[in-house]
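Reviewing the structure listed below.
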Amino acid sequence: QLQLVESGGGLVQPGGSLRLSCTTSSFALDYYAIGWFRQDPGKEREGVSCVSNDGRAYYADSVKGRFTISRDNAKNTVYLQMNNLKSEDTAVYYCGADNKGCSGYKWALGFDSWGQGIQVTVSS
């Protein structure tokens, strides 16, 4: 089973920063669009950001100007740098892959190879 692995979550105070990483040893990420998603209990998974296989980045309005997605193909890793974190950013974060691009990322459509998720908690 092809699966991504997330890391880098944790507890941070409002205004703080975290960097999430998404990687796998199962396949080469550079052929895929990679998205970051988050989910609160009882809510649907929502798209946060996506980077296409040619490096174009997309962001949800709620994180524009605060989050930056990037990919390092040499390390087979995609990062999500999260700055100026707010309490409403608290969620379990997942990464997923789509070989067709980022068009469905806002609704997590078309993505698979989901990781197990990682908790991000923003609290004082």
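Give, as a single signed number, the net charge of other residues whose beta carbon lies under 12 Å from the beta carbon of ASP61, with Lys and Arg counted +1 and Asp and Glu -1. Numbers along the way, then the final one.
Working: positive: LYS64, ARG66, LYS106; negative: GLU46.
Summing Lys/Arg as +1 and Asp/Glu as -1 gives +2.
Find which of THR68, VAL12, PRO41 sits farthest along the positive direction of the dipole of segment 1-81, computed with +1 on the beta-carbon of Lys and Arg, -1 on that of Asp and Glu, about the Cα centre.
It is VAL12, whose Cα lies furthest towards the positive end.
Once R0 is set to 25 Å, what does the formula 1/(1 + (r/R0)^6) return for the Cβ-Cβ distance between SER123 and GLN81, expressed as a FRET efficiency to the nearest 0.05?
In this case the efficiency is close to 0.80.
Which whole-number percent gives the relative contact order of the chain, counting Cα pairs below 8 Å spaced six or more residues apart? Intermediate results must be reported in sequence, preceding the final value.
On the way: 314 pairs, mean separation 45.7, N = 124.
Answer for the chain is 37 percent.
Which value, in debye to the nearest 20, describes the size of the charge dipole of the chain about its Cα centre when Lys and Arg Cβ atoms bear +1, Asp and Glu Cβ atoms bear -1, and nothing else is charged? Numbers along the way, then the final one.
Details: 12 positive and 12 negative charges, 40 e Å.
It works out to roughly 200 debye.
Once label points are set 7 Å from the Cα along Cα→Cβ at both LYS100 and ASP61, what is their separation, rounded to one decimal in nm?
2.5 nm
What order do LYS106, LYS75 take when sorted by accessible area (1.4 Å probe), most exposed first? Walk me through the intermediate numbers first.
Details: LYS106 110, LYS75 130 Å².
Highest to lowest solvent-accessible surface, that is LYS75, LYS106.
The values are calculated or read from the model by the stated rules, or taken from the named source; none is laboratory data. None of the values given here were measured: they were computed from a predicted structure. Don't worry about glycine lacking a Cβ; one is built from the backbone with ideal geometry, like all the others, and counts go over all protein chains shown. Note: areas computed on protein heavy atoms with side chains; ligands, DNA, RNA excluded. Shrake-Rupley method; radii C 1.70, N 1.55, O 1.52, S 1.80 Å.
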